[in-house]
Amino acid sequence: MIRSRLEHQQSGRFWLQHVWLGVGTSATVLAVVALHLLTTPELRGHDVLPIALAFGVVVTVAAACLPWRRIIASRSPAPYLQVWSATLVVLIVLLAALDGGPSSPMTALLVLPLVYAAMAYPVRSIIAIGALTVAGLVVIAFSAPPVVVGESAIRVAILLLTAVMGALISRNHQRAIARTEELAARLETLASVDGLTGCLNHRGFHERLEAEAARSIREGRPLALVHLDLDRFKAINDTYGHPTGDEVLATVGATLNGLARRSDAVGRLGGEEFAILLPQVDAAEAARIAERARHAIRDQDAPVPVTVSIGVATLADAGGRPDRLVREADAALYAAKRAGRDRVVAASA
C-alpha cells in the first residue's frame, strides 16, 4: 500500500514536470525558428517554412491542452511524449532542409529533443530518437551541395555524442528510479512487518485479512483464522527477563512461518498474540493446522518451554464479516484459556 502510493505520487509528479518541460522545449524551438524567419529576409518568401512553423505551434498547443493528469493516472504517458519528440525532430529536419541544409542554424536545435529524451526515456527510446535524428541529418546533408557534406559529418558526430551522453544519463536515471522503488519497498516492509518475529504486524495482517475476506466472499471459498496466545508469557518476562521473552517470541514467529503455506499469512497482533490466516481452508482443516501449530510451539527449541492456547474461526462462522471473524476467533481463544490453556477451541464447536 505505502509502496504503491509513493510510486504513484512520485511518478505523477515526475511526468507532469516532464510534460511541461516538453512544452517549454517545443516553445523554445518554435521561438528560435520564428526569430530566424524574422531576421532572415530571404526566407520570408518561402511559403513552406511559415506553414511548418504554424504546424509546430498547433501541435505544441494541442499537446499542452491534453488531459495529462488523467493520462498519467490511467496509463504511462511515455508513448505520447516519445511521439511528440519524434514529431519535433521531423519538424526541425524539415525546417533545416528548407533553410539551406547543414549550414542552417536550425540543425543545432536537434540537440534539444535528444537532451529532453535523456531526462526520462528508457535507453531504447533514446536510441530510437537518436537514430531518427541521424537519419534527419542525412536528409539535411543531401538537401545541400556536396561541399558541405564534411560540415554535416561533424554535426552528425556531435549529435551522436549527445545521443550517447543522453543514453548514459537515462541509464543513471533508471537506476535512480530503481533505488527509489527499493526504498519504497523497504518502507512498506517496515510499515507492515514486525521487526522482532518477521511476521506481519497488526496493520499488515489486518490489511491482508480484509483483502482475503473480500476475495473469499467474491469467489465463494472458505477462509479460516487461527488466533494464538502464549500461555503465562508475563511470567516468562518477569522470571527470565525481556530479552529471553523476545527470543521466545522470535522463535514462535519462526515456527509459525515455517508451518505456513505460501498463501497463508502469519501475523503478530501484539504482545504475545499471533494469528494465522488460512485462505481456502474450512473449519475442520483449520483445527488440524491449529493442533499442529500447538504441538510445534510446545516442542520447539526455545530458551524457555512455552505452551499456547488457540482459537479457530471461519468466515462462515462470522457471517462473512472480517471484523466478526476476528471477534469469533478471539472468543474461541479465551474459551481455550478458560478451559485450562494449551488447547485448541473452534468457534463452531
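The values are calculated or read from the model by the stated rules, or taken from the named source; none is laboratory data. Bear in mind that the values here come from a model prediction, so they are computed numbers and not experimental data. When we count neighbours, we look across all protein chains shown, and the Cβ atoms used for this are built from the backbone with ideal geometry, even at glycine.
Worth pointing out:
- Taking each residue of segment 68-86 that is farther than 23 Å from residue 131 by Cα and looking for partners that are crowded, with 18+ Cβ neighbours inside 10 Å and not acidic (Asp, Glu) with beta-carbon atoms closer than 6 Å, six or more apart or interchain, yields 68/19; 71/77; 72/15.
- All positions within segment 227-252 that are aliphatic (A, V, I, L, M) and surrounded by 15 or more Cβ atoms within 10 Å (Cβ to Cβ): 228, 230, 236, 248, 249, 250, 252
- Annotation note: Cβ proximity below 7 Å between a residue of segment 248-267 that is in contact (Cβ under 8 Å) with a residue 60 or more places away in the chain and a residue that is among the basic types (Lys, Arg) (sequence gap 6+ or interchain) occurs for 265/208.
- Filter result for the condition that a residue is among the charged types (D, E, K, R), modelled with pLDDT of 90 or more and in a helix (DSSP H, G or I), over 182, 188, 212: 212
Residues checked against (1) surrounded by 18 or more Cβ atoms within 10 Å (Cβ to Cβ); (2) under 19 Å from residue 27 (Cβ atoms); (3) out of contact with any Leu (no Cβ under 6 Å at 6 or more places or on another chain); (4) not assigned by TED's automatic domain parsing to the domain that holds residue 143:
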{"residue": "73", "(1), (2), (3), (4)": "no, no, yes, no"}
{"residue": "99", "(1), (2), (3), (4)": "yes, no, yes, no"}
{"residue": "109", "(1), (2), (3), (4)": "yes, yes, yes, no"}
{"residue": "116", "(1), (2), (3), (4)": "yes, yes, yes, no"}
{"residue": "122", "(1), (2), (3), (4)": "no, no, yes, no"}
{"residue": "130", "(1), (2), (3), (4)": "yes, no, yes, no"}
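- Counting only strands (runs of 3 or more DSSP E) that sit wholly inside segment 253-349, not one has at least 3 residues that are in the same structural domain as residue 207 (by TED's automatic domain parsing) and surrounded by fewer than 19 Cβ atoms within 10 Å (Cβ to Cβ).
- Scanning segment 230-247 turns up at least one residue that is in a strand (DSSP E or B) and within 25 Å of residue 339 (Cβ to Cβ).
- Residue 94, sole failed condition from (1) over 28 Å from residue 121 (Cβ atoms); (2) surrounded by 18 or more Cβ atoms within 10 Å (Cβ to Cβ): (1)
So that you can scan it fast, the table gives a plain yes or no per residue for (1) at positive phi; (2) more than 22 Å from the chain's Cα centre (by Cα); (3) among the aliphatic types (A, V, I, L, M); (4) assigned by TED's automatic domain parsing to the domain that holds residue 270:
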position: 182; (1), (2), (3), (4): no, no, no, no
position: 207; (1), (2), (3), (4): no, no, no, yes
position: 210; (1), (2), (3), (4): no, no, no, yes
position: 224; (1), (2), (3), (4): no, yes, yes, yes
position: 228; (1), (2), (3), (4): no, yes, yes, yes
position: 232; (1), (2), (3), (4): yes, yes, no, yes
position: 235; (1), (2), (3), (4): no, yes, yes, yes
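- Answer residue from segment 1-59, given it is under 28 Å from the mean Cα position of the chain (by Cα), at pLDDT below 75 and small (Gly, Ala, Ser) and is surrounded by the fewest Cβ atoms within 10 Å (Cβ to Cβ) among those: 4
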